[in-house]
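The values are calculated or read from the model by the stated rules, or taken from the named source; none is laboratory data. This one's a predicted model, so the numbers in the text were calculated from it and none came from an experiment. Here the Cβ positions follow ideal geometry from the backbone for every residue, glycine too, while neighbour counts run over all protein chains shown.
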Amino acid sequence: MAVADVALPAAPARRPIRDAFRRHPTAIIGGAILVVMILIAILAPWLGTVDPQAVSPIRRLRHPSADYWFGTDMLGRDVYSRVVYGARISLAVGLAVALLSTLIGLAIGLVSGFSRLLDAIVMRVMDGLMSIPPILLAIALVALTRASLGNVIAAITIAEVPRVTRLVRGVVLGLREQPFIEAAEAAGTGFFKTLRRHILPNTIAPLLVQGTYICASAMITEAYLSFIGAGTPPNIPSWGNIMAEGRTLFQIAYYIILFPGICLSLTVLAVNLVGDGLRDALDPRLARRM
């Protein structure tokens, strides 16, 4: 039989993503919470009671009540409306960073995994970035620019790219030695066709799982940056800067920190639960144990 006629094995089949929710109750709970938070962010203009930036000194520091569900802050702004609108910023940062860092890390990891020359250069750069704690790297990058949502997303993305790059590189290096890759090369399959048919499908599962953890980490990092005044501008409500504004009044107005903190914790927990479910469903070794 000619080499070109050899039937090449396809990339390993992955369990459907729905198994992550069908067999893992915690993933269902996490997915439900995440859907609720996304709906809150989308429907913020209809769910907010008043303008989140409306200042009213005579209503300052009102405790939670029927009129002000989450109370008011030191400027008389409705905390409930600010928390609802803050969901947009926190979720936007998490999703944008997860998407951008995954795409950039995927491209760099593929190139690094296939080119030994570039691998030595690229991975030393990635090692240098990973030697700096992500939060410190993000603070340094934001400090070099003005505070804005785009700069925060860019800074956190740069800090997360090395982790995705190393993950993809490890997958590619392992696949390069597999028999079906060698058979594809022997059959004369082009580089880009081999990449599309055999390499990329095998990176989807680990990237999905890694993306969920990056999303959760990005939301926490954004909250850190906003809390210390290096994140989104104060005129843009986010869970981080809402808590930052209430930290000096915690003893008399604890609710300013409490409610955005609960929302942030629930959202991060939900994303992590979804990530755990995806990992268990997409990892063949864990699936066999179950």
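In region 122-141, the qualifying residues are those that are under 11 Å from Ile156 (Cα atoms) and in contact (Cβ under 8 Å) with a residue 40 or more places away in the chain, and the one that is surrounded by the fewest Cβ atoms within 10 Å (Cβ to Cβ) is Ile135.
Selection of first residues in region 42-56 that are assigned to a helix (DSSP H, G or I) and of second residues that are modelled with pLDDT of 85 or more and charged (D, E, K, R), restricted to Cβ pairs under 9 Å at least 6 apart or on distinct chains, gives the following pairs, ordered by first then second residue: Ile42/Arg88; Ala44/Arg88. Residues that are among the acidic types (Asp, Glu) and surrounded by fewer than 19 Cβ atoms within 10 Å (Cβ to Cβ) occur at least once in region 59-79.
Residue count for region 95-121 satisfying the condition of being more than 14 Å from Leu207 (Cα to Cα) and either among the basic types (Lys, Arg) or free of Cβ contacts under 8 Å to residues at least 12 places away in the same chain (or both): 7.
Conditions (1) closer than 14 Å to Ser101 by Cα; (2) touching a residue at least 60 places away in the same chain (Cβ under 8 Å), marked per residue:
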position: Arg197; (1), (2): no, yes
position: Pro201; (1), (2): no, yes
position: Gly211; (1), (2): yes, yes
position: Cys215; (1), (2): yes, yes
position: Ile220; (1), (2): no, no
position: Ala223; (1), (2): no, yes
position: Gly231; (1), (2): no, yes
position: Asn235; (1), (2): no, yes
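Scoring Arg116 on the criteria (1) farther than 20 Å from Ile33 by Cα; (2) within 20 Å of the chain's Cα centre (by Cα) leaves a single failure, condition (2).
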